[in-house]
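To start, the structure itself, in structure tokens.
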């Protein structure tokens, strides 16, 4: 297999007349965690669902391990589904209340007809322990667990097939702070152990900072900035990214800044502007629309480029 | 493999004796509801009486074996007395239970056969199909079932199967609405999406997730359809357009009994009590099951 | 709001149209015409002539249109059982006993039910709560004709307190009124209880208590007002429900009202009368649901009331 673990090219989703996701490019390199951040309604969840082919894109391509899976039928898609899995935000509705935890974790094996029922049970127990729960939980039901414990079950179900790509859709945002840290640790450990590539969707930048290698910022269906995590946190260029960063709580009271809140109009007005000679490589010049331009290395920001010096 | 238990020291050790499936919890809630439990027991006794009627009574329901003692009051020999045509009234009543319960159960089955797939499809497919089903249900809500049943009964000239059909025709609406609401709320749940992301077929999703999660509304809808059908049968038979004599039906017996009740009270009291107790027990049982299985109480 | 009313009205009209077509078709599917039941069958040619006279030989859709045209002019035709009258005239004098007895039943049953339900909600898990629940379950599950029979047995046959049946002096009204009152009493006992409990559990009531308002003022000024809405909206459909109840109550107590005519129209295959009654009752139900919907929408600034209380 060649190519990055997951790649979205010019992916677009329109509902009726509304464009929810607008020509988004996104690359998750092997063994890396890419965070997709943005406020609710920015289209980040829809982007994740399109990557999973749970929502059909209006346009664009989806490449999994270099292979185009955009137009595969559900039947042809099935083997690819083993490689890419998902963890959702709501741990309660993610688990079927009528199934035991053992059945839930083993369900992927059953769907893909792997192993005998006894083998599946053993696997499920093994994974229960691997996500930090006692094997005896296999006979319990979701409603007996706490939110954090349920999220562990979701992780086990997602990874039991040995997936190489994990889409995590705000897996920690419904959890208490202490539990949140446990789940982040769990994901981090598993990512290291299994060589996972992860698309981590979140609006919680404190989690993103500790987990992600790269950050992609979405605003109203568009990618407005992307770059290595350090760069984004140190030298965010787009005003929206800076506003998001301002919203992260700071522990030291003396270091507290005044938070900036931008209206949509202010944001549009403050889109970065460049002269064409400032940009390397040369950007498109025949458009007045904002475009992603490279700043330093792999740090890109959406900006309006005008000709001249 | 990392040691994750260190990262989560607060996790309680599970106690295997405290396993509780959602249905187990429902059973416990039901057992705590004394009225429903009592109703269930009463209903079981009535069902047993109906099933073993030929063993309990020596005479058949239509045997005019005691003509000389017609209209005799209750005695140790004839617990409910003798009716106007010389038949043992207790025998008539327990055979009446067969008709009443039989019609109630058959109509409930019919309601289920009609309401379950329609409700599941309406909830799962949504869109136009759902719209059409809801409009049909609206029609049913505007016409009082009893009036329509009256018309249909005259149209079909009564008879057991016609009554079952009519009761089912009005009983499916409740089942359909219950199942539809449940499927609709579960279709959006993330565990369905998770199963899709795993490559599960629609068949797997319906069979493994939607149907097990619809067990509660199906049970409740089924049990609550029984007293409704029994009430309809008794009402139509009372008006003389339901089950036709000599088949023993409580509604019909009440109609006859009313003519005698000023002098022979037993002719009216026993069928009235039999009908009231059975319908009440079935309703209480249904209510109790609904409370026990209520999806909003499930979990937590 | 106006748009909502118009939309609901149109959809109700559509529903009523479909119902009227179904009723019309069903009536025509009933085997046997009005001239089949006699001991001496009419000669075929006379029968055909009579059918033509009554318009029964025209295609179905034409019969339907003609009929509905008449309905809009309150002309429901002539009842087969008493050709000297019109259906409208018959209904005009038949509704009086039904409305008097049924109306009194509702007017007596509903307030008692409301009081019972309120008392139950305010004294949860006390004997009065169990009594209210018991009465509600009994009234809603036991068929009206069973209740009626029991009433006659107890009050007329055993206690000799009241006459068993008939229409005339008000003494005879007591039992039918009690029979009519059972359903509204049970319905309101259940509704009032759950509506009150609902409101009592709202956070704004807790706030009022925390503010030190007396329990009495909380209940009479705030809780009652907020729980009244669902009770108001079910009133009309329940009132129209008298029509269904009357079939049994009037048959048992021998009251010459709408229900009694309904039963006899079915037994005597009297199409015009039966159709008229079915249509009228369905129309009344349609209208009562429509008004309930609109009332509910109008009264629902319940959130605003709650806000004011805060």
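None of the figures in this text is laboratory data; all of them are computed from the coordinates on show. A quick note: this is a predicted structure, and the numbers were derived from the prediction, not measured. Cβ: placed from backbone, ideal geometry, glycine included. Neighbour counts: every protein chain shown.
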What does the convex hull of the Cα atoms of the stretch B:141-300 come to per residue, in Å³, rounded to a whole number? 138 Å³
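Using the count of nearby Cβ atoms within 10 Å as a rough guide to exposure, how do B:82, C:91, B:56 rank from fewest to most? Working shown, then result.
Values: B:82 28, C:91 19, B:56 13.
Sorted ascending by nearby Cβ count, the order is B:56, C:91, B:82.
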Using the alpha-carbon atoms, what tilt in degrees (0 to 90, nearest 10) does helix B:266-293 show relative to the longest principal axis of chain B? 0 degrees
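Tell me, what is the FRET efficiency for residue C:197 and residue A:266 to the nearest 0.05, using R0 = 51 angstrom and their Cβ-Cβ distance as r? Working shown, then result.
Details: r = 49 Å, r/R0 = 0.96.
That gives a FRET efficiency of 0.55.
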Once you've got the GNM for chain B with C-alpha springs shorter than 10 Å, pick whichever of B:252, B:182, B:196 has the biggest mean-square fluctuation. B:196
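Indicate, rounded to the nearest 5 percent, the antiparallel portion of the DSSP beta bridges found entirely in the protein assembly as shown. Please report the intermediate quantities before stating the final value.
Numbers: 27 of 48 bridges.
The answer is about 55 percent antiparallel.
Rounded, prolate or oblate: pick one for the stretch C:125-251, where a ≥ b ≥ c are the square roots of the eigenvalues of its C-alpha gyration tensor, a/c under 1.5 means rounded, and failing that, prolate if a/b is larger than b/c, else oblate.
Prolate.
Plugging the Kirkwood radius over Cα pairs into Stokes-Einstein for the stretch B:195-269, at a temperature of 10 °C and a viscosity of 1.306 mPa s, what D comes out in µm²/s?
Translational D for this selection: 100 µm²/s.
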On a C-alpha basis, how far is the centre of the stretch B:40-96 from the centre of the stretch B:153-182 in Å? Whole number, if you could? 30 Å
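Tell me the relative contact order for chain A as a rounded percent, counting alpha carbon contacts under 8 Å between residues six or more apart.
Rounded, it is 20 percent for chain A.
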When each pair of different Cα atoms in chain A is counted once in the 1/r mean, what is the Kirkwood radius in angstroms, to one decimal? 20.7 Å
If you fit an axis through the alpha-carbon atoms of helix B:127-142 and take the longest principal axis of the Cα set of chain B, what angle between them do you get, 0 to 90°, nearest 10? 30 degrees
I need to check one value: relative contact order of the stretch A:132-202, counting alpha carbon pairs closer than 8 Å and at least 6 residues apart, in percent. 37 percent
Ranked by GNM mean-square fluctuation in chain C (Cα springs under 10 Å), the top entry among C:204, C:239, C:76 is C:204
Taking the alpha carbon gyration tensor of the stretch C:72-147, what are the square roots of 5 times its eigenvalues, largest first, to the nearest whole Å? 42, 13, 9
Please list, short to long, the whole-number percent of alpha-carbon pairs of chain C in consecutive 10 angstrom bins beginning at zero. 5, 21, 25, 23, 15, 7, 3, 1, 0
Output for the stretch C:176-288 (equivalent-ellipsoid semi-axes, sqrt of 5λ from the C-alpha gyration tensor, Å, descending) is 43, 14, 8
In a Debye calculation with equal point scatterers on the alpha-carbon sites of the stretch A:16-77 and no solvent, what is log10 I(q)/I(0) at q = 0.12, 0.15, 0.17, 0.26 Å⁻¹? -0.32, -0.51, -0.65, -1.32
P(r), alpha carbons of the protein assembly as shown - 20 Å bins starting at zero, rounded %: 11, 33, 30, 19, 6, 0, 0
Computed from every Cα-Cα pair in the stretch A:49-108, P(r) in 5 Å bins starting at 0 and rounded to whole percents is 4, 14, 24, 19, 16, 13, 7, 2
Can you compute the modelled spin-label distance between residue C:291 and residue A:74, with each label point 7 Å from Cα toward Cβ, in nm? 5.0 nm
Specify whether the C-alpha gyration tensor of the stretch A:129-212 places it in the rounded, prolate or oblate class, a ≥ b ≥ c being the square roots of the eigenvalues: rounded for a/c under 1.5, otherwise prolate if a/b is larger than b/c and oblate if not. oblate
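Test of understanding: express the Cα radius of gyration of the stretch C:116-180 as a ratio to 2.2 N^0.38 Å, with N the residue count.
Rounded to two decimals, the normalised Rg is 1.38.
For A:164, A:146, C:282, B:111, what's the fewest-to-most ordering of other Cβ within 10 Å of each Cβ?
Numbers: A:164 21, A:146 15, C:282 24, B:111 28.
Fewest-to-most Cβ neighbours within 10 Å comes out as A:146, A:164, C:282, B:111.
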Compute a Gaussian network model of chain C, connecting alpha carbons closer than 10 Å, and tell me which residue from C:96, C:71, C:207 fluctuates the most. C:207
When all Cα-Cα pair distances of chain B are considered, the percent exceeding 27 Å is 54 percent
Measuring from centroid to centroid over Cα atoms, what is the spacing of the stretch C:114-154 and the stretch B:184-232 in Å? 34 Å
Provide a whole-number value for the mean count of partner chain Cβ atoms within 10 Å of the Cβ atoms in peptide B:182-193. 4
If R₀ is 56 angstrom, what is the calculated FRET efficiency for the pair residue B:24 and residue C:92, using the beta carbon separation as r and rounding to 0.05? 0.35
Between the stretch B:102-148 and the stretch A:12-71, how far is it from one alpha carbon centroid to the other, in angstrom? 40 Å
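So what's the stretch B:42-109 giving for Rg/Rh, alpha carbon basis, Kirkwood Rh from the mean inverse pair distance?
On the way: Rg = 12.9 Å, Rh = 12.4 Å.
Here Rg/Rh amounts to 1.04.
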To the nearest 0.05, what FRET efficiency results for residue C:220 and residue C:128 with a Förster distance of 22 Å applied to their C-beta separation? 0.70
Give me the angle, in degrees from 0 to 90, between the Cα long axis of helix C:242-253 and the longest principal axis of the Cα atoms of chain C, rounded to the nearest 10. 70 degrees
Separation in nanometres of the label points that stand 7 Å from Cα toward Cβ, at residue A:274 and residue A:146: 4.8 nm
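Which order results if A:194, C:280, C:12, A:218 are arranged by neighbouring Cβ count within 10 Å, fewest first?
A:194, C:280, C:12, A:218
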Can you give the helix-only mean residue ellipticity at 222 nm for chain A, where every DSSP H stretch with n ≥ 4 adds -39500 (n - 2.57) and the sum goes over all residues, rounded to the nearest 500 deg cm²/dmol? -9500 deg cm²/dmol
